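S.K.: Here it is: the structure, laid out below.
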Amino acid sequence: LKRGATVEHLDENQAVVRAYASAIVIMRRFFEALKKGRYELPQRVKRISQSLVDLSAGETPAFLGVTAARNANHDEAGKAVNTAILAVSVARQVNDDIVGLVRVAMAALLFDVAKPRLTGTVGPNPPAIVPRLSDAQELELPAASAAVLTALGRVNEPSVMRTVIAYEAHWHTKQRELGPIYRGMRVTTLQARIISVTKRFNDLLTPAPGADPIPADEAIAKIEAD
């Protein structure tokens, strides 16, 4: 610290809110760069996942509570951060291994990285809103996500692990249409299923601009029915 600098002490709730706001800003910049064709994974995105895992250890109500700001954060960045928070919270109930939790957080944050590529909106002047995917494009998401995540993280163990988790999570979401993953020789990992379900849960609770969200219990009932 520089001489004369002050150290700001935040309580747990304030730390969660600040980390959430910072994560939203960083992910918005990341998605903007992605739409312009810059396939680079900034170190600050990795730090978000570590920060979310650290904050989840306290199990403070504020950690899950910040995801209620869905009306303000219904864009791709808000959905990514909310899904990561929900996925880490669920995964921590099963295993508190830090490395595994960070992988879950990263895979959730990067879950939608392939959408600009699939819709053909990558370029120097991308549209402000990425068009919705067609049914055929939705089925291409597992493979397209694996390709983009490989381009972002290159080929190394952490990158391969989160790529596999994201690939399986996308497949799990569309398994009725795509059939058994790996031709039935293996099942999806627990981490992938967690991300698939928490993404679906957050999407159901995230209303379109001007619309009212559905209650959480109704969202859970719909997921069970599906």
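The values are calculated or read from the model by the stated rules, or taken from the named source; none is laboratory data. The shown structure was predicted, so the numbers you read here are calculated from the model rather than taken from an experiment. As a convention, Cβ positions derive from the backbone with ideal geometry for all residues, glycine included, and neighbour counts pool all protein chains shown. Keep in mind that these areas ignore ligands, DNA and RNA; they rest on the heavy atoms of the full protein, side chains included. Shrake-Rupley method; radii C 1.70, N 1.55, O 1.52, S 1.80 Å.
S.K.: Taking the Cα centre of the stretch 105-226 as origin, work out the dipole magnitude from +1 charges on Lys and Arg Cβ and -1 charges on Asp and Glu Cβ, in debye rounded to 20.
M.R.: Dipole of the stretch 105-226, to the nearest 20 debye: 460 debye.
S.K.: With a 10 Å radius around each residue's Cβ, average the other Cβ atoms per peptide and rank 48-57, 160-169, highest first.
M.R.: Averaged packing, sorted descending, gives the order 160-169, 48-57.
S.K.: Another one. Going out from 0 in 10 Å bins, what whole percent of all Cα-Cα distances in the stretch 132-171 drops into each bin?
M.R.: Bins of 10 Å from zero give 34, 49, 16, 2 percent of pairs.
S.K.: Let me have the relative contact order for the chain, percent, based on Cα pairs under 8 Å that are six or more residues apart.
M.R.: Dividing the mean separation by the residue count of the chain yields 20 percent.
S.K.: Taking the Cα centre of the stretch 146-194 as origin, work out the dipole magnitude from +1 charges on Lys and Arg Cβ and -1 charges on Asp and Glu Cβ, in debye rounded to 20.
M.R.: 100 debye
S.K.: On to the next question. Among Lys174/Lys222; Lys35/Lys174; Lys174/Lys199, which pairs are too far apart, with a Cα-Cα distance over 20 Å?
M.R.: Cα-Cα > 20 Å for Lys35/Lys174; rest within.
S.K.: So, one more: What accessible area per residue comes out for the stretch 43-116, rounded to a whole number of Å², with a 1.4 Å probe?
M.R.: Per residue, the stretch 43-116 has 38 Å² of solvent-accessible surface.
S.K.: Cα gyration tensor of the stretch 57-185, axes a ≥ b ≥ c as square roots of the eigenvalues: rounded (a/c below 1.5), prolate (a/b > b/c) or oblate?
M.R.: oblate
S.K.: So what's the angle, to the nearest 10 degrees on a 0 to 90 scale, between helix 76-94 and the longest Cα principal axis of the chain?
M.R.: 90 degrees
S.K.: On a 0 to 90 degree scale, rounded to 10, what angle separates helix 157-173 from the longest Cα axis of the chain?
M.R.: 60 degrees
S.K.: For the chain, what is the convex hull volume of the alpha-carbon atoms per residue, in Å³? Before the final figure, lay out the partial values.
M.R.: Working: hull volume 35.1 nm³, N = 226.
Considering the Cα atoms of the chain, their hull volume per residue is 155 Å³.
S.K.: For the stretch 101-226, which whole-number percentage of the solvent-accessible area (1.4 Å probe, protein heavy atoms only) is attributable to carbon and sulfur atoms?
M.R.: 57 percent
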